[in-house]
Amino acid sequence: MTNLRTLQFANLDEAVQEVRALHHNGYTSCGEWSLGQICRHLTLVQTPSVDGYPAWMSLFAFMRPAMRRWLLPKLRRPDSPRGIRTASIFVPPDQVDDQEEVEAFARCVDRFHAHHGEYAPHPAFGRMSRAEIEEIHTLHAAHHLRFLRHNES
């Protein structure tokens with residue numbers, strides 16, 4: 001099992017700084033996805049917070065209290081669980097351009113911050129405050145970006 005980086009970001013802006021640094025300095029992947037694929041995935045997952053999630057993602061809304069108690073504490077740990085399958089709509093394609101996806105993720109973060117009003121209920125955790133939903137997306141970014149190591153200069 002590969003040793004992954006321990007990453008924690010205070011906010012999504014720090015995650016954007018990290019993806020830009022990885023792109024600028026080069027990176028080595030210790031996982032299955034490239035920087036571009038991770039950025040596309042983060043964008044795909046984050047965008048519905050503003051635009052709304054597909055209706056089918058609310059079918060298990062009755063499980064949200066249990067998910068908050070069981071899964072949320074695990075996601076807050078630096079060694080958050082690996083291998084949790086994601087919905088196919090959030091899986092990035094095999095071939096993406098790192099530069100384009102880094103900038104798309106940065107624009108997505110800007111759009112997230114510019115949003116006024118409530119965010120869409122999270123499929124697993126339900127309605128959350130602005131700070132809570134940013135925390136979820138920040139934890140998610142750290143979870144995936146820990147699989148990328150900066151290249152040595």
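Being surrounded by 15 or more Cβ atoms within 10 Å (Cβ to Cβ) and either modelled with pLDDT of 95 or more or at positive phi (or both) narrows it down to one residue among 22, 72; which is it?
Among 22, 72, only 22 is surrounded by 15 or more Cβ atoms within 10 Å (Cβ to Cβ) and either modelled with pLDDT of 95 or more or at positive phi (or both).
Condition check: surrounded by 19 or more Cβ atoms within 10 Å (Cβ to Cβ) and either within 23 Å of residue 3 (Cα to Cα) or in contact with a Lys or Arg (Cβ under 8 Å, 6 or more places away or on another chain) (or both). Does residue 137 satisfy that?
yes
Would you check which residues across the stretch 1-40 are part of a helix (DSSP H, G or I) and either acidic (Asp, Glu) or without any contact (Cβ under 8 Å) to a residue 24 or more places away in the chain (or both) and list them?
13, 14, 17, 18, 24
So residue 79 passes all but one of these: (1) at pLDDT 95 or above; (2) over 28 Å from residue 115 (Cα atoms). Which condition number does it fail?
(1)
Out of 131, 61, which single residue is among the aliphatic types (A, V, I, L, M) and touching a residue at least 24 places away in the same chain (Cβ under 8 Å)?
Of the residues listed, the single one that is among the aliphatic types (A, V, I, L, M) and touching a residue at least 24 places away in the same chain (Cβ under 8 Å) is 61.
Among the residues of the stretch 32-39, is any at pLDDT below 95, exposed (fewer than 15 other Cβ atoms within 10 Å of the Cβ) and farther than 17 Å from residue 121 by Cα?
yes
Take residue 100 and decide whether it is assigned to a helix (DSSP H, G or I), loosely packed, with under 14 Cβ neighbours inside 10 Å and on the phi < 0 side of the Ramachandran plot.
So residue 100 passes the test.
Restricting attention to the stretch 132-148, which residues are at pLDDT 95 or above and more than 13 Å from the chain's Cα centre (by Cα)?
Passing the criteria: only 148.
The values are calculated or read from the model by the stated rules, or taken from the named source; none is laboratory data. Quick caveat: nothing in here was measured; it's all calculated off a predicted structure. Here Cβ is always computed from backbone atoms with ideal geometry, including for glycine, and neighbour counts include all displayed protein chains.
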